[in-house]
Amino acid sequence: MLKVQPKIEVDELFKLEVLRLLRAKYDEERVGIHATDLLWPRQTVFRKIKGSKVSERDVVFYVLGTGEGEVVEELMGGKHEVMAVRNGVIHTIDTLIHENGGMIPVEIKTTRSSPPNVRKHYLLQLGMYCTALDVNYGRLIILYLNSGTIETYKVEYPPEVRAEIDRFEVEKRAEIERAVRSGNPLDASCVAGDPDLDWKCLTCEYWSECYGRTISFRIDFPVPLMIGRIYEGLVLREAYRAGEHGCDVKILRGGSGEIIGVEASGDVVKLVPLRRTVEDIQSKLFQGEANG
């Protein structure tokens, strides 16, 4: 391999320009209410009232996800980024393909989770597109970035399911509009406590301003966390963070001082990072025991 020694230096001004251009693309306020807005009503209202601030981390994830999605869209050879309006909601469909004499929506998702992982909101989003187009099925493509695998599905939505989705759209659009008129995002529902959707709280810029109902939980680890391990550091960090926001958190320790569990009570929103952290650690510990 040819060894070269060019002069290299960090260029922060160029980075700022790159971020400015990318943020202009991904942070632009969208006119109207979109189908994806209905999944996270409170965050949508926060953004409409206070404006959105896309972080550097968000920009990187958007670019990665958009890149893979656009490649698949090109390969499908259909119409890309098609917009359909129903119930006053804007549906932006990744791509449409011609099948059985009609145009069928294709939803493309990228994720860093492990397969198989067909999340409920993937199915709801595709169902909204099928309802908007008045077709009874769509195609779902999931790209798993960490494992480098692809899954594809045909998802059917009977008339009664599409009718239920129709009602969902009408109700959620009205809920968002009421909260925007009142000027209070807390008038809209949040996803904290929903195991399928509250991952959105982890990167939400309005997390510290958001509140929900009071909950309690306890999680015991199958294997004690030894002092100094990275897992213990993660638990303590999120426990401290939750405590700063008024939650009561108890770190349960064994006789040697190792963490054996977590007990917490308080606001459901403020406990999302802690709960998800300890659930993830518990899952990894269980896997370790099973493999051992």
Q. Between a first residue in segment 1-22 that is touching a residue at least 40 places away in the same chain (Cβ under 8 Å) and under 15 Å from Glu56 (Cβ atoms) and a second residue that is hydroxyl-bearing (Ser, Thr, Tyr) and not in a helix (DSSP H, G or I), which pairs have beta carbons less than 8 Å apart while being 6 or more apart in sequence or on different chains?
A. none
Q: Could you list all residues from segment 123-147 that are over 20 Å from Ala163 (Cβ atoms) and not basic (Lys, Arg)?
A: Leu140, Ile141, Ile142, Leu143, Tyr144, Leu145, Asn146, Ser147
(Q) Could you list, ordered by first residue, the pairs with Cβ atoms under 8 Å in which the first is in segment 259-275 and touching a residue at least 12 places away in the same chain (Cβ under 8 Å) and the second is part of a helix (DSSP H, G or I) and among the β-branched types (Val, Ile, Thr), at least 6 apart or interchain? (A) Ile259/Val235; Val262/Val235; Val262/Val278; Leu274/Val235
Q: Only residues that are in contact with a Pro (Cβ under 7 Å, 6 or more places away or on another chain) and either among the hydrophobic types (A, V, I, L, M, F, W, C) or under 15 Å from Val89 (Cα atoms) (or both): list them for segment 143-173, please.
A: Lys172
Q: Scan segment 141-155 and give yes if some residue there is over 21 Å from the mean Cα position of the chain (by Cα), surrounded by fewer than 18 Cβ atoms within 10 Å (Cβ to Cβ) and in a helix (DSSP H, G or I), otherwise no.
A: no
Q: Considering (1) among the aliphatic types (A, V, I, L, M); (2) crowded, with 19+ Cβ neighbours inside 10 Å; (3) assigned by TED's automatic domain parsing to the domain that holds Asp37, say which one Leu225 fails and leave the rest.
A: (3)
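The values are calculated or read from the model by the stated rules, or taken from the named source; none is laboratory data. Keep in mind that this is a model prediction, so the values were computed, not measured. Heads up, the Cβs are rebuilt from the backbone with ideal geometry, glycines too, and the neighbour counts pull from every protein chain shown.
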